[in-house]
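K.L.:
Right, I'll just put the structure down here and ask away after.
The values are calculated or read from the model by the stated rules, or taken from the named source; none is laboratory data. These numbers come from a predicted model, not from an experiment. Cβ placement follows ideal geometry from the backbone for every residue including glycine, while neighbour counts extend to all protein chains displayed.
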Amino acid sequence: MRTINKATLLMTAAAVMLSIFLINYRRENYTHEVGAGEQEAESYIHSSNDMLQCLYFDETLFVNIKSFKKLNETSEGRIRGCILPHHLTAADLIHEVFQNVSSYEYETVVIMGPDHESLERGKIFTAAGDWQTPFGILETDYEMTSRLLENSFVLDNSEKMTSEHSVSSIIPFIKYYMGAVKAVSLA
């Protein structure tokens, strides 16, 4: 009987759906004004070679953002994780999830998406770089990323993370709705 190692199991789970794990919960009733970065979207230019780029940003999704109603219901208790689609055809669902999550304050978001292109089985990719978004810079949690990179099956690859739409397409939503939170991205 074949045994499955932890890295393979983790990658399989990530390949099924995009998972966002919200950690380091700080304050239950924090209120974050949705749309705080809206004015910055117009001046977004993919310009920095030092930062990870959000190649799959669709400005029309954010121009029409006011058409998405703020949810009246929030989850009871702490929101520790969310599972959501990463294709922007489901942007309304992605907006709803982040509207709900934005009611709370977090220090770090761990975003895991499937690796659509790699043939390197059993490897997890991350990037030790900040993300340039239309709404400002989304900082990476360097301490957590460094700890992950201590594992031989975790590789630092900024190019991979930039081109992987399962992560790159969600990053602007995180910055828009969650403001100063830090991120760890995995594929």
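K.L.:
Restricting the search to region 83-96, which residues are touching a residue at least 40 places away in the same chain (Cβ under 8 Å) and either β-branched (Val, Ile, Thr) or within 13 Å of Ile174 (Cα to Cα) (or both)?
P.N.:
Once the filter is applied, which keeps residues that are touching a residue at least 40 places away in the same chain (Cβ under 8 Å) and either β-branched (Val, Ile, Thr) or within 13 Å of Ile174 (Cα to Cα) (or both), region 83-96 yields Ile83, Leu84, His86, Ile94, His95.
K.L.:
Limited to region 170-180, what total is found for residues that are buried (at least 21 other Cβ atoms within 10 Å of the Cβ) and more than 10 Å from the chain's Cα centre (by Cα)?
P.N.:
3
K.L.:
Still on this model: Against the definition (under 17 Å from the mean Cα position of the chain (by Cα), of a type in the set (S, T, N, Q) and surrounded by 14 or more Cβ atoms within 10 Å (Cβ to Cβ)), how does Ser118 come out, yes or no?
P.N.:
The answer is no for Ser118.
K.L.:
Considering each of Val97, Val101 in turn, give the residue that is over 21 Å from Asp50 (Cα atoms) and in contact with a Cys (Cβ under 6 Å, 6 or more places away or on another chain).
P.N.:
Unique residue meeting the criteria: Val97.
K.L.:
Here's something else I'd like to know. Take Thr133 and decide whether it is modelled with pLDDT under 95 and within 15 Å of the chain's Cα centre (by Cα).
P.N.:
Yes.
K.L.:
Check Gly81, Gly113 and return the single one that is at pLDDT 85 or above, within 13 Å of the chain's Cα centre (by Cα) and surrounded by fewer than 17 Cβ atoms within 10 Å (Cβ to Cβ).
P.N.:
Only one candidate qualifies: Gly81.
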